[in-house]
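Laboratory data are not the source of any read-out in this text; all were calculated from the coordinates shown. Owing to the predicted nature of the structure, the values given are computational and were not obtained by experimental measurement. When we count neighbours, we look across all protein chains shown, and the Cβ atoms used for this are built from the backbone with ideal geometry, even at glycine.
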Amino acid sequence: SSWAFNLGMRLSRVLLAAPRARAFSSVSALSTPPPARPGWRPIRKLLAANRSEIAIRIFRAANELDIKTVAIYSKEDFGSLHRYKADESFLVGEGKSPVGAYLGYEDIVALAVREGVDAIHPGYGFLSENAKFVALCEQHGISFVGPPSKVIAGFGDKTEARALAHKYNVPVVPGTAEAVTDVAEAREFCSEIGFPVIIKAAFGGGGRGMRVVRSADELEENFLRASSEALTAFGDGSVFIERYVDSPRHIEVQILADGTDTVHLFERDCSVQRRHQKVVETAPAMGLPEDTTAALYADAVRICKGAGYVNAGTVEFLVDPKTWNHYFIEVNPRIQVEHTVTEVITGVDLVQSQIRIAAGQKLQEIGLSQDKITKRGYAIQARVTTEDPALDFRPDTGRLQVWRAAGGFGLPP
């Protein structure tokens, strides 16, 4: 039988981390409005348009805010834990694949309207960056726990995001201004900037639709493969090309914004990757010069303010360890898998913050201002993925039979 499982399980392990002293309490429930003012949208019932770990995380935050919760599940997830962690649960996607069930946003919004849902939290993956889904929520008066649809659409197009970075003087890696449509156009650009280059999907992320090209002989095959993979993964085969930065640090800045104020919650280091997929995330990043981190924070806040960003987001950068120059990659307009390490070092509950902002609360009202956000300690998150070493490390599936947590000095039991 298979030795591993592909549940995408994540483990957070904290080293020398401080207690979460400033985690928000549930004293002020969002279902009870504060003194009347414009922009307040009371949330009494919240649906998590997701499954598994992140859905449970959303339900925990909502429960602490005295908000009723709604789970959705596919037929295959009938016995999944997230279904039983919510106050109500509903089957979705009958006749669809296990993944397709969570992508049918029209059915999910119709369910939310029927059941009197005030807000939808998308989690990560699935519909979390689908601007059409967000627009449909807006159309039906459902609060989306994330940025507005126009912001998601803007950052979803990586070429448009690069243009926005240029507009607000945030440095980017030299690359094509627009999507590259054919190999001839790709050759022309590469002849101007030289090799190596990296081909990236214009829409989507997660390391799919990316190919490093080190010579002209490799260009055509990798261009076609990247475009094909992007089409399969994101429904759009558009790609763009950038100069490849060899052995960079991958640093991302967590932000929160309420439409008026924008703050950062320091950085995470996601440099340990395999096949362009994050494996280990740490907070804070170690060994970065102070002027580099200060520039990263300033650029992250500036581009989000310029875009009219609202709610939680992550601004990703490449940092060249030879020069300490940094380059904008993208903005992820959602909660990240690795948000937990930021919560540990700051004591800020990011998911509760998301829900409060979606209800119309300002950062000041939930006790967040840049001078009050501090960091203490160090946190590591390691992603457990499943691959079979006997089959060239191909993805593997199966049932987890035994689990033994790590132990030792400095690690909680």
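Things to note:
- Sum of -39500 (n - 2.57) over DSSP H runs of 4+, divided by residues of the chain (222 nm, nearest 500): -8500 deg cm²/dmol
- Computed 3J(HN,Hα) for the stretch 330-336, one whole-Hz value per residue from the Karplus formula 6.51 cos²θ - 1.76 cosθ + 1.60 where θ = phi - 60°, is 6, 10, 8, x, 6, 6, 9, glycine and proline marked x.
- Once the Cα gyration tensor of the stretch 174-243 is diagonalised, semi-axes √(5λ) in Å: 18, 11, 10
- Within straight-line cross-link reach of K375, lysines at Cα separation under 22 Å, skipping those fewer than 8 residues along the same chain: K362
- Farthest toward positive dipole pole in the chain [+1 Lys/Arg, -1 Asp/Glu at C-beta], among G367, A307, T397: G367
- Residue among R225, R187, R394 with the largest mean-square fluctuation in a Gaussian network model of the chain, springs linking Cα atoms under 10 Å: R394
- Relative contact order %, the stretch 102-165, counting alpha carbon pairs below 8 Å whose residues are six or more apart: 31
- Normalised by residue count, the stretch 249-395 yields a Cα convex hull volume of 121 Å³ per residue.
- Fraction of the pair-distance distribution of the stretch 87-195 above 16 Å, Cα-Cα pairs, percent: 68
- Highest-MSF residue in the chain out of G39, G123, G156 [GNM, Cα springs under 10 Å]: G39
- Working from label points 7 Å from Cα in the Cα-to-Cβ sense, the E106 to Y168 distance is 3.5 nm.
- Cross-link pairs exceeding 28 Å between alpha carbons, from the set K96/K200; K68/K132; K45/K150: K96/K200.
- Top of V117, V348, V384 by mean-square fluctuation, Gaussian network on the chain, Cα under 10 Å: V384
- When the chain is described by a simple charge dipole with +1 on each Lys and Arg Cβ and -1 on each Asp and Glu Cβ, the residue from V212, A153, I355 located farthest towards its positive end is I355.
- For Cα extents along the principal axes in Å, the value computed from the atomic coordinates appears in the list [x] 68, 62, 36; [y] 62, 53, 52; [z] 53, 49, 38 under label [y].
- Taking the Cα centre of the chain as origin and assigning +1 to Lys and Arg Cβ atoms and -1 to Asp and Glu Cβ atoms, the resulting dipole is close to 1300 debye.
- In Hz, Karplus ³J(HN,Hα) per residue of the stretch 250-264 (6.51, -1.76, 1.60; θ = phi - 60°; x = Gly, Pro): 9, 10, 10, 10, 7, 10, 10, 9, 10, x, 10, 9, 9, 10, 10
- Taken along the Cα-to-beta-carbon direction at a fixed 7 Å, the label points for A216 and F409 span 5.9 nm.
- The angle separating the long axis of helix 52-64 from the principal Cα axis of greatest extent in the chain is about 40 degrees.
- About the Cα centre, charge dipole magnitude for the stretch 296-413 (Lys/Arg +1, Asp/Glu -1 at Cβ), debye: 360
- Bridge type composition, the chain - antiparallel percent by DSSP, nearest 5: 80
- Cα centroid separation, the stretch 227-245 to the stretch 343-413 (Å): 29
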